[in-house]
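*Asks:* Please read through the structure below; I'll follow up with questions.
The values are calculated or read from the model by the stated rules, or taken from the named source; none is laboratory data. These numbers come from a predicted model, not from an experiment. FYI the Cβ positions are ideal-geometry reconstructions off the backbone, even for glycines, and counts take in every protein chain you see.
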Amino acid sequence: MIKTSITCPINVIHVFIRNILILIVILFLALFIWLKVGIEIDTLKISNYDVGKLYIKLDKKLTLKADYITIPERKSKPSFDNIDETLERVKYILTFFEYIDLKTIAFSNNTLGIIFKNNLMEIVSKDYVIQGTIKREGKMLKANIPLLYIKKHNIILEGKFNYDLHEDILSTEGSYAFHDIKGSFSANKQEDNIQFTVKSEAFKELRDVIEKFNLDPSVKSWVLDKIQAKQYQLKYLSAKGKIKDATFRLDMDSLKAEALFYNSDIHFKQGLEAVKTDSFTLRYKDYALYFDLKNPIYQGKSLEGSKVSIVNLEDKNTLLKLDIRAHTAFDRVMKRLLKSYDINIPLTQRNGKVKVLFQGDIGLKNDYSNFLVDVYFSKSDIVLNSVLLPITKGSLHYEDNLINLKNINLKNELYAGVLDGEINLQKKKADLIFDAKYIIFSRDKESFFTLKDRQLPFVLSYQKDTTIDIEKLAVQIKSNEKNTQIKFKDLNKVKYYLADSSFVEKGGNLEISTKDFETFNFKGTLKRTSCFLYEKQDVCRVNVPFTGTINNENTYFYAFSKRLEYNAKKSRLKLTNLNIDLAKFIEASKTKKVEKKSKQKKALNIRGKNSHLRYKEHTLIVDSYEVEVQDDENIKATGMADGDIIKFSKKKNILSMQALRIKDKVLHPLINFKGLQKGRYSLKKSGNPEKVMQGEIIIEGGVMKNFKTYSDTLAFINTLPALAVLHNPGFSKEGFAIEEGVIEYKMISQEKIIFDSIYIRSNAATIVGKGELDLETKIIHMDLAIKVAREFGKVVGSIPLVGHILMGKEKSVVVGIKITGNIDKPKIKTSAAKDILSLPFEVIKRTLELPSQIIVK
């Protein structure tokens, strides 16, 4: 632009000088005689030349004035071919003039004004004002131009030029002023080729400069509106061009420029805060603008190393290229920056820093856009939507609405491993694989879930809620702003990883929910094979529906509509209308593996109401009971039924039970025998159930009946003439009425019962004996002596055989009976007198002497 402006006045001067010389020669020849006195002519017309108010005077040199001069337009175009000769002629002619003042010269649709004084020529046109001198030194023409003012552009130039007449090389340099911009320029012309460079000092207003260039509106908007600086400086602008058909044509391929922007704000995107820089360099090269940023800051975050460029300025594919780099937390500031470009990466960083690389191509003349994001993680806590990721290292790549997670190393006290996969932002769904080194969940420093060296594919979706589905474990985690829910759809799939899987057995399901990760509510169903909870007599509850709550203070567990309640802090289990097998419960509560002895736990307290308590073959049918189970499995239990008290204890391998004057319905399940009915019973037993248990039953009243051995014995007695004719011996279908009795026995390894002593007395008869019962084969061997309290003299005549009868002090009758065979079909026969005598001495003594009372131990 500047070179064109400089070349134009030179051409005009060339034309003008050539034409004016002709006029001057004519005037000189015609009017020479009047020069001394001065000549003034109002109008002068010569050929096509027209002069008004002409004044010429000759002192030492000529003085020439005119108000206007009209010069006809020439058809031939100006040429620089003979400019040296023309300039020599001009220089020679000007030696004759002292002063020239031509106010208006009209030619070629232009007007000029010329003033020549003190060897300095000034030419004024409607487009420019130029002052200068020119001289020839050998083959060089040298000009000094103190002023060239281009009116249209408000540019003032000052400089000099040298022109090599032989080589046709022109060089120029100087300074310029444009609005508040000052700078320098230099240029070279060889033949038709021109090369120039422009520089500036620092200035404050860029708009006036940019408006001089025919830039695309989008590019102009970027440079003017989106970049605001306190100061600007053009380091250089250089280019080449060519004069063709009297027109200068710029070679855009050669155009290069570099400018400094000081204290700048760059608005990358509408709605975002500006990026601030101490300074940046704007470079133009190859149809592209490059922004080299120095210390860029966005919202207090350093973007050091970031670059911006606008490329393809020459065509419709002009692109804004962003290369934004940051080493900062991936927080809401970074997320908002990316979101402004419709990139919604569902990550938030709680601590630590990441390296972020954001690359974007944005069409400035069309709607094209393409973005890439790379995030390089170091040790930090990252939340993926609502899932915490304790990252040690790894990377993330975003492209085309897809996020690829690569080698995301995770590690904390709960889990460690490597996470890989893809997140589809459009579908809001992630397909991920966690190569778990370990997953460990613990409470009170004891792990209850341990998974090691397993690969776990899972799907994460975050539509309305965040949902994680881990198919291998049949686990689903669902979370939103108000609640987090964890579902174990099949506990069998996590059973292997549980430290204590005894409660799972056949599986089940579990659902956990929390609002604050301090209080957890849960519900589900356990499927079991072992039965330690039952209803009625033996209706086993293997499906256990449950609910509960866990918080920092306590754990509450409920099952069967709160008929089972467990309070962990109090270590208390309450059962209502629900029965428990204590031995099976304790066995089921044992952990599968104990690697080291844990700290001593609080004793478990079990309270039952309308609940039966069973321990192996013993059952307490009571109204209520209270049990204390120690960590070493020692047990203390007390039950009550209609005022009856039963005490039960276990210390190591020794089991003890005491019951004082209990009713028959309480006694039956304790001894697994229903043949003793009504009455009151005291029971005492102790020992090692796996070896020997010693027991004693004291009987007060009641009836003995309704069992096979009794029925068969009654039938047998009725066949004995010695007893059948006895008056009211006490045996009948209504049972054997008991006044008192004592049974002492031993149980061997839960396989055999040895009756050391049996003593049962009624008002009509007394039974003593001993024997044993094999519980596995059901084989009984029992020797009994039945004493009928009648005088022998009254009955002896009716007894055909007395070989099986003994006589007592009171002349009573004693009959021996032997019971053998299967208990369901026993063989019963009388015993010889000598066999009766084989009964223990104390038994015989008691039988014959008829003790009047039983000694209670």
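*Asks:* Out of all the residues in the stretch 342-375, which are among the hydroxyl-bearing types (Ser, Thr, Tyr) and either closer than 21 Å to residue 221 by Cβ or not assigned by TED's automatic domain parsing to the domain that holds residue 323 (or both)? Spell out the reasoning first.
*Replies:* Just the residues of the stretch 342-375 that are among the hydroxyl-bearing types (Ser, Thr, Tyr), to begin with: 348, 368-369.
Within the stretch 342-375, 368, 369 qualify.
*Asks:* List every residue pair whose Cβ atoms lie under 9 Å apart, where the two residues are 6 or more positions apart in sequence or sit on different chains, the first residue falls within the stretch 561-577 and is closer than 11 Å to residue 607 by Cβ, and the second residue, located anywhere, is among the acidic types (Asp, Glu) and surrounded by 14 or more Cβ atoms within 10 Å (Cβ to Cβ).
*Replies:* Going by the 9 Å Cβ cut-off, the qualifying pairs are 572/565; 573/565; 574/565; 575/565; 576/565.
*Asks:* Another question about this same structure. Considering every residue within the stretch 286-301, establish whether at least one is buried (at least 17 other Cβ atoms within 10 Å of the Cβ) and closer than 24 Å to residue 405 by Cα.
*Replies:* No: the stretch 286-301 contains no residue that is buried (at least 17 other Cβ atoms within 10 Å of the Cβ) and closer than 24 Å to residue 405 by Cα.
*Asks:* Next question. From (1) aliphatic (A, V, I, L, M); (2) under 46 Å from the mean Cα position of the chain (by Cα); (3) part of a strand (DSSP E or B), pick out the condition that doesn't hold for residue 219.
*Replies:* (3)
*Asks:* State all residues of the stretch 180-209 that are in contact with a strand residue (DSSP E or B) (Cβ under 8 Å, 6 or more places away or on another chain) and assigned to a helix (DSSP H, G or I); if no residue qualifies, say none.
*Replies:* Residues satisfying the conditions are 208, 209.
*Asks:* Look at residue 609 and say whether it is within 57 Å of the chain's Cα centre (by Cα) and within 26 Å of residue 577 (Cβ to Cβ).
*Replies:* Working: within 57 Å of the chain's Cα centre (by Cα): yes; within 26 Å of residue 577 (Cβ to Cβ): yes.
Here the answer is yes, as residue 609 does meet what is asked.
*Asks:* I need a count of the residues in the stretch 292-318 that are within 14 Å of residue 362 (Cα to Cα), in contact with a strand residue (DSSP E or B) (Cβ under 6 Å, 6 or more places away or on another chain) and among the hydrophobic types (A, V, I, L, M, F, W, C).
*Replies:* Selection size over the stretch 292-318: 3.
*Asks:* Does the stretch 241-257 hold any residues that are at pLDDT 85 or above and surrounded by 16 or more Cβ atoms within 10 Å (Cβ to Cβ), and which are they?
*Replies:* Of everything in the stretch 241-257, those that are at pLDDT 85 or above and surrounded by 16 or more Cβ atoms within 10 Å (Cβ to Cβ) turn out to be 241, 255, 257.
*Asks:* Return the only residue of 427, 437, 452 being more than 16 Å from residue 497 (Cα to Cα) and among the charged types (D, E, K, R). Spell out how you get there, then give the answer.
*Replies:* Working: 437 fails: more than 16 Å from residue 497 (Cα to Cα); 452 fails: more than 16 Å from residue 497 (Cα to Cα).
One residue alone meets the criteria, 427.
*Asks:* Tell me the residue from 162, 118, 110 that is at pLDDT below 80, farther than 30 Å from residue 48 by Cα and among the polar types (S, T, N, Q), please. Working first, answer last.
*Replies:* Details: 162 fails: at pLDDT below 80; 110 fails: farther than 30 Å from residue 48 by Cα.
Going through 162, 118, 110 in turn, just one is at pLDDT below 80, farther than 30 Å from residue 48 by Cα and among the polar types (S, T, N, Q): 118.
*Asks:* Let me ask you something else. Which of the strands (runs of 3 or more DSSP E) contained wholly in the stretch 617-710 include at least 2 residues that are in contact (Cβ under 8 Å) with a residue 24 or more places away in the chain and among the charged types (D, E, K, R)? So that I can check it myself, show each step before the final result.
*Replies:* Numbers: elements: 618-621, 624-629, 635-641, 644-651, 654-662, 680-687, 692-700.
Correct list: 680-687, 692-700.
*Asks:* Now a separate question. Suppose we keep only residues that are in contact with a helix residue (DSSP H, G or I) (Cβ under 9 Å, 6 or more places away or on another chain) and among the β-branched types (Val, Ile, Thr) within the stretch 177-214. Which one would you say is surrounded by the most Cβ atoms within 10 Å (Cβ to Cβ)? Talk me through it step by step, then tell me what you get.
*Replies:* So the first thing to find is which residues in the stretch 177-214 are in contact with a helix residue (DSSP H, G or I) (Cβ under 9 Å, 6 or more places away or on another chain), and the list is 178-181, 185, 187, 189, 194, 196, 198, 200, 203, 206-207, 210-211, 213.
When the remaining residues are screened for being among the β-branched types (Val, Ile, Thr), the result is 181, 194, 198, 210.
Values: 181: 20, 194: 22, 198: 19, 210: 13.
Filtering the stretch 177-214 for residues that are in contact with a helix residue (DSSP H, G or I) (Cβ under 9 Å, 6 or more places away or on another chain) and among the β-branched types (Val, Ile, Thr), the one surrounded by the most Cβ atoms within 10 Å (Cβ to Cβ) comes out as 194.
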